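**Q** Have a look at this one before I ask anything.
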Amino acid sequence: MVTSDPIQHLAPVWARYTDIVAERGEGAYIISTEGRRYLDFTCGIGVTNTGHCHPKVVAAAQEQLGKLIHGQINILYHKPVLKLVEALLPEMPDGLDTFFFANSGAEAIEGALKLARAATGREGVISFQGSFHGRTTGAVALTNSKARYRLHAGQLSGAAQVTAYPYCLHCPRRGSDEGCCQQRLPDLRELFASRMPPEAIAAILVEPVLGEGGYVVPPAWFMPALRALCDEYGILLIADEVQSGFGRTGRMFAVEHTRTTPDIMVMAKGLGSGLPISAIAAPREIMSKWTPGSHGGTYGANAVACAAATATVQVIREEGLVENAASMGKLLLEGLRSMQADHPGLVDVRGLGLMVAAEFAHADGSPDGKRAKHILHTCVENGLLILTCGPHDNVLRLIPPLIVSEDQVRDGLAILRTAMDASY
Ligand SMILES: Cc1ncc(COP(=O)(O)O)c(C=O)c1O
């Protein structure tokens, strides 16, 4: 059946919560075909860190379009990929000096898993409760943020195991004198003892800040403890910085908050300002164990995407966007925290930089997804785009672009306050 409405011909599998048809993007705003301006605190799910259509990113992509669009990386090198390597190298955690480029976060995760297996000769991979690593077959087996993502995925690999992420808000020992019960990673040690011996584990895959699973910032001990455990057993530590990377948390990468260096780092989203590009970084010694030809892809390291990515990294540095993310993030957190007194259902406000969350619960402590969604829809009606996250969708997530101004943060907070007041 053919209808006159092209929307009816888009696959319904794309779950969506607005009917906005975007005409263009401009900095922190999306402008609809009806001419309505929306303050975009979603950034296309953490992608447009430099704002929509940053002039320097646009100019770099346009210039490259006229020179070479596709120079297949198995056939030749091209200047944009070499320039991107030069731009990324100074930003990388110690020793991560060799890159593989792909097109999406999930694709890079798949590659990182293969790399870890190639480098260790082991099969197993551990991920965390609440983690999101993508929807392709290997990645979804390690994704534990919503059961829905596993529908129709077929048989998932038994080499994937899951353990607890330190979600302190929901820890039964929160505030007790005994201190933090997870510090020695007892669940992970139990997993080693009962489900998968450490000698069979190639990698631990972790988001340094849990994203889709609820924007959970782990306690300071967590990443160093994982690092020590990996070193003890010869397991590789893979940091999934797909959402937290490129200035989002007020540092170039979230691992910088943790004094931990991963063995492999996966990047995407903010890297290309919207052009599809992702990357895996690892020390040359690890990358050299990956058999040539055993991984690749037609479009990886696309010339236009590489040019946009180089411009993105330059803009983030030259315009002080990492610093702006840190200070605007504080303003957003303060504004949300000031609403907690009037809104007891707003049980937690947390975040790092501009990766900010507001969690809602009923009086009995059970998750209140209904309220979070109500607020989200009122915000859209009032011109602010935000998202929810967490398995119960009871966490509002706010991901403004890193170029966001103080006035725009205050505008967003005003709309949020109105929506919260209207949600009772
Ligand atoms: C932490 C993390 N890893 C991986 C992915 C998958 O990325 P993509 O949607 O580009 O496949 C996402 C996407 O939201 C993510 O947030």
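**Q** Across the stretch 93-146, what is the total count of residues that are in a helix (DSSP H, G or I), without any contact (Cβ under 8 Å) to a residue 40 or more places away in the chain and away from the ligand (no atom under 12 Å from the Cβ)?
**A** 1
Results for (1) in the same structural domain as N324 (by TED's automatic domain parsing); (2) of a type outside the set (A, V, I, L, M, F, W, C); (3) in contact with a Cys (Cβ under 9 Å, 6 or more places away or on another chain), shown as yes or no for each residue.
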{"site": "I375", "(1), (2), (3)": "yes, no, no"}
{"site": "L384", "(1), (2), (3)": "yes, no, no"}
{"site": "G390", "(1), (2), (3)": "yes, yes, no"}
{"site": "R397", "(1), (2), (3)": "yes, yes, yes"}
{"site": "S405", "(1), (2), (3)": "yes, yes, no"}
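**Q** Could I ask something else about it? Show the residue pairs that are 6+ apart or on different chains and have beta-carbon atoms under 7 Å apart, the first residue being within the stretch 284-304 and closer than 21 Å to P80 by Cβ and without any contact (Cβ under 8 Å) to a residue 24 or more places away in the chain, the second being in a loop (DSSP other than H, G, I, E, B) and of a type outside the set (D, E).
**A** Matching pairs, first to second residue: none at all.
**Q** For the stretch 33-49, what are the residues that are β-branched (V, I, T) and in a loop (DSSP other than H, G, I, E, B)? Give the steps one after another, and end with the answer.
**A** Of the residues in the stretch 33-49, the ones β-branched (V, I, T) are 33, 42, 45, 47-48.
Within the stretch 33-49, T33, T42, V47, T48 qualify.
**Q** Any residue that is hydrophobic (A, V, I, L, M, F, W, C), closer than 25 Å to F100 by Cα and touching a Cys at 6+ places or on another chain (Cβ under 8 Å) - is there at least one of those in the stretch 55-63?
**A** no
Listed here are the residues, each with its yes/no results for (1) within 30 Å of D411 (Cβ to Cβ); (2) modelled with pLDDT of 95 or more; (3) touching a helix residue (DSSP H, G or I) at 6+ places or on another chain (Cβ under 9 Å); (4) surrounded by fewer than 18 Cβ atoms within 10 Å (Cβ to Cβ).
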position: Y17; (1), (2), (3), (4): yes, no, yes, yes
position: A28; (1), (2), (3), (4): yes, yes, yes, no
position: E34; (1), (2), (3), (4): yes, yes, no, yes
position: T50; (1), (2), (3), (4): yes, yes, yes, no
position: V58; (1), (2), (3), (4): yes, yes, yes, yes
position: I73; (1), (2), (3), (4): no, yes, yes, no
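**Q** Sticking with this structure for a sec: Being of a type in the set (G, A, S) and crowded, with 22+ Cβ neighbours inside 10 Å is the filter here; which residues of the stretch 139-159 pass it? I'd like the intermediate steps shown before the answer.
**A** Looking only at the stretch 139-159, we keep the residues that are of a type in the set (G, A, S), and these are 139, 141, 145, 147, 153-154, 157-159.
A139, A141 - these are the residues of the stretch 139-159 that are of a type in the set (G, A, S) and crowded, with 22+ Cβ neighbours inside 10 Å.
**Q** To continue, here is another question. If I go through the stretch 364-387 residue by residue, how many of them are outside any helix (DSSP H, G or I) and either under 23 Å from the mean Cα position of the chain (by Cα) or not small (G, A, S) (or both)? Spell out how you get there, then give the answer.
**A** First, the residues of the stretch 364-387 that are outside any helix (DSSP H, G or I): 364-368, 382-387.
Pick out the ones that are also either under 23 Å from the mean Cα position of the chain (by Cα) or not small (G, A, S) (or both) and you get 364, 367-368, 382, 384-387.
Final tally of qualifying residues: 8.
**Q** Among the numbered conditions (1) of a type in the set (S, T, N, Q); (2) crowded, with 20+ Cβ neighbours inside 10 Å; (3) not assigned by TED's automatic domain parsing to the domain that holds V356, tell me where S294 comes up short.
**A** (2)
**Q** Exactly one condition in (1) at pLDDT 90 or above; (2) buried (at least 17 other Cβ atoms within 10 Å of the Cβ) is not met by G121; state its number.
**A** With (1) at pLDDT 90 or above; (2) buried (at least 17 other Cβ atoms within 10 Å of the Cβ) applied to G121, the lone miss is (2).
**Q** Which is out of contact with any Pro (no Cβ under 8 Å at 6 or more places or on another chain), at pLDDT 95 or above, more than 11 Å from the ligand (Cβ to nearest atom) and within 16 Å of G51 (Cα to Cα), of L271, L275? Quick ask: steps written out before the conclusion?
**A** Working: L271 fails: more than 11 Å from the ligand (Cβ to nearest atom).
Exactly one residue qualifies, and that residue is L275.
For every residue, the table says whether it meets (1) more than 16 Å from the ligand (Cβ to nearest atom); (2) among the small types (G, A, S).
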{"position": "F192", "(1), (2)": "yes, no"}
{"position": "P197", "(1), (2)": "yes, no"}
{"position": "P208", "(1), (2)": "no, no"}
{"position": "G211", "(1), (2)": "no, yes"}
{"position": "V217", "(1), (2)": "no, no"}
{"position": "L229", "(1), (2)": "yes, no"}
{"position": "D240", "(1), (2)": "no, no"}
{"position": "E256", "(1), (2)": "yes, no"}
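**Q** In this structure, does V322 turn out to be in contact (Cβ under 8 Å) with a residue 40 or more places away in the chain, part of a helix (DSSP H, G or I) and either among the aliphatic types (A, V, I, L, M) or in the same structural domain as K146 (by TED's automatic domain parsing) (or both)? Please lay out each step first, then the result.
**A** Numbers: in contact (Cβ under 8 Å) with a residue 40 or more places away in the chain: yes; part of a helix (DSSP H, G or I): yes; either among the aliphatic types (A, V, I, L, M) or in the same structural domain as K146 (by TED's automatic domain parsing) (or both): yes.
Criteria met by V322.
**Q** For the stretch 255-291, what are the residues that are over 27 Å from P400 (Cβ atoms), touching a strand residue (DSSP E or B) at 6+ places or on another chain (Cβ under 7 Å) and either part of a loop (DSSP other than H, G, I, E, B) or not assigned by TED's automatic domain parsing to the domain that holds K114 (or both)?
**A** If the condition is that a residue be over 27 Å from P400 (Cβ atoms), touching a strand residue (DSSP E or B) at 6+ places or on another chain (Cβ under 7 Å) and either part of a loop (DSSP other than H, G, I, E, B) or not assigned by TED's automatic domain parsing to the domain that holds K114 (or both), then D263, P283 are the ones that fit.
**Q** Still on this model: Is it the case that some residue within the stretch 311-318 is out of contact with any Asp or Glu (no Cβ under 6 Å at 6 or more places or on another chain), modelled with pLDDT of 95 or more, within 16 Å of the ligand (Cβ to nearest atom) and not aromatic (F, W, Y)? Before you say what the answer is, go through the steps one by one.
**A** The first filter runs over the stretch 311-318 and keeps only residues out of contact with any Asp or Glu (no Cβ under 6 Å at 6 or more places or on another chain), leaving 311-318.
Retained after the next criterion (residues that are modelled with pLDDT of 95 or more): 311-318.
In the following step, the residues that additionally are within 16 Å of the ligand (Cβ to nearest atom) were identified as 312.
Keeping just the survivors that are not aromatic (F, W, Y) gives 312.
Within the stretch 311-318, one or more residues are out of contact with any Asp or Glu (no Cβ under 6 Å at 6 or more places or on another chain), modelled with pLDDT of 95 or more, within 16 Å of the ligand (Cβ to nearest atom) and not aromatic (F, W, Y).
**Q** Enumerate the pairs (first residue in the stretch 7-33 and among the basic types (K, R); second residue anywhere and surrounded by 15 or more Cβ atoms within 10 Å (Cβ to Cβ)) with beta-carbon separation below 9 Å, excluding pairs fewer than 6 apart on the same chain, so at least 6 apart or on different chains.
**A** Listed pairs, sorted by first residue: R24/I30; R24/I31; R24/H52; R24/C53.
The values are calculated or read from the model by the stated rules, or taken from the named source; none is laboratory data. All of these numbers come straight from a predicted model, not from anything done at the bench. Methodologically, a virtual Cβ is constructed for each residue, glycine included, from the backbone with ideal geometry; neighbour enumeration extends over all protein chains shown.
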